[in-house]
1. Could you calculate the contour length gain from residue B:84 to residue B:102, that is, 0.36 nm times the residue separation minus the distance between their Cα atoms, to one decimal place in nm?
2. When the C-alpha atoms of the stretch A:82-174 are aligned to their principal axes, what extent does each axis show, in angstrom, from largest down?
3. Over chain A, with a Gaussian network built from C-alpha contacts below 10 Å, which listed residue (A:105, A:63, A:158) shows the highest mean-square fluctuation?
4. Given the options B:217, B:118, B:197, which has the most mean-square fluctuation in a GNM of chain B, springs set between C-alpha atoms less than 10 angstrom apart?
5. Please report, in cubic angstrom per residue, the volume enclosed by the convex hull of the alpha-carbon atoms of the stretch A:1-93.
6. Taking the alpha carbon gyration tensor of chain A, what are the square roots of 5 times its eigenvalues, largest first, to the nearest whole Å?
7. Starting from 0.36 nm per residue, how many nanometres of slack lie between residue B:33 and residue B:57 once their C-alpha separation is accounted for?
8. Place a point 7 Å from the Cα of residue A:8 along the Cα-to-Cβ direction; which residues of the stretch B:31-56 have their backbone N under 14 Å from it?
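Please treat every number below as a calculation from the coordinates, not as lab data. Note that the structure is a prediction, hence the values are computed from the model and not measured. Cβ placement follows ideal geometry from the backbone for every residue including glycine, while neighbour counts extend to all protein chains displayed.
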């Protein structure tokens with residue numbers, strides 16, 4: 001059903017991400033690192049425990065049993081809106097999550113990297129494209145620790161590109177127009 | 001009165017709870033699967049088609065590998081039907097909680113249940129008032145598990161309308177989805193409770209999620225169409241399908257009130273029922 005050919009990418013990522021455009025389908029391979037709220041706070045304080053140059057951060061709190069990834073779909077990225085800036089300064093090239101991110105992150109990605117959307121709820125599919133490769137900050141617990149995960153062609157879509165194009169904010173504008181509502185104001189909680 | 005802790009009844013109810021949990025988190029009910037397939041076939045937005053392809057592949061993968069569809073295996077919401085010859089005792093609640101703890105280990109489930117203020121995680125998906133157990137009379141003893149994830153639950157609402165605002169129910173529902181956007185993992189199923197009291201409306205909204213979603217009344221279809229006009233689409237990336245179904249349950253209410261509750265549910269409308277035999 002996907003009509004456009006998916007772009008094949010492998011981590012660590014470089015300038016090739018700058019050519020991606022919002023709406024492009026991508027299959028991503030190579031190591032990515034999970035991080036949620038607690039891991040972001042910890043990395044800001046104690047530093048990034050892996051080489052951030054060209055790295056990809058996955059907003060995910062997986063179910064892990066032993067060394068097996070059982071289920072590992074994306075979590076809501078917006079919770080990390082105010083926590084992500086330092087990552088791009090250190091060389092991180094992409095984020096993976098669901099639901100999109102705020103205007104600040106859209107600006108931080110400009111000329112540097114992209115935000116990939118992976119389908120929410122698709123944890124079994126995700127796990128079938130993954131192998132566990134390592135763990136940092138195990139004391140944060142299963143959901144909040146940083147897991148190094150090797151991807152094999154995980155199917156993603158570019159949600160925000162490095163030119164400031166943002167599928168989520170485009171859809172939100174259309175949605176508000178369709179509902180006859182004004183611009184986002186007191187009824188949203190961004 | 002002291003009931004032996006591991007009576008055959010206790011064990012059977014705990015095991016049935018575990019089995020219903022396992023079934024619920026791994027495979028979707030046939031009616032839910034049918035509306036997802038139907039929506040996927042009708043979707044014309046290219047990005048949305050990619051999202052549906054992932055959703056359908058995920059459903060197939062979870063079933064084949066026997067693993068949870070989503071890593072957010074939710075909090076345990078349990079519905080029991082109890083026949084006349086089974087007394088409603090503490091043992092029933094204890095056995096269901098035991099089933100939840102065993103399910104957390106055996107399936108496995110992500111430990112999601114925490115104290116609301118200290119945020120301490122119990123590690124076994126039980127805690128004060130959790131599992132949430134709802135009981136009603138029935139011909140057979142059955143346990144239904146509805147694992148509720150946070151993404152969709154967090155954008156659910158109760159609104160106390162005035163009787164004169166009856167015609168704005170549709171607007172309340174579209175406004176709920178406007179606020180929610182892509183966060184509840186659309187395409188969603190909306191359980192709507194209308195009437196009763198403040199708390200009853202919310203309970204009805206959740207129970208509505210257990211109703212068959214492959215058939216809608218004219219009123220439900222109208223509400224569903226109103227949501228789909230928004231164009232939020234799968235995961236908030238745009239598309240024709242924002243809601244797969246809207247299900248409404250009503251209860252009589254005060255002449256001066258019109259409670260309306262919307263329980264938002266992601267596309268994975270997980271629930272399963274097992275009969276308890278002992």
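1. 3.7 nm
2. In descending order, the Cα extents are 37, 28, 21 Å.
3. Answer for the Gaussian network model of chain A: A:63.
4. Result: B:118 has the largest fluctuation of those listed.
5. So the per-residue hull volume is 136 Å³.
6. Semi-axis lengths for chain A are 26, 19, 17 Å.
7. Roughly 7.4 nm would be gained on extension.
8. none
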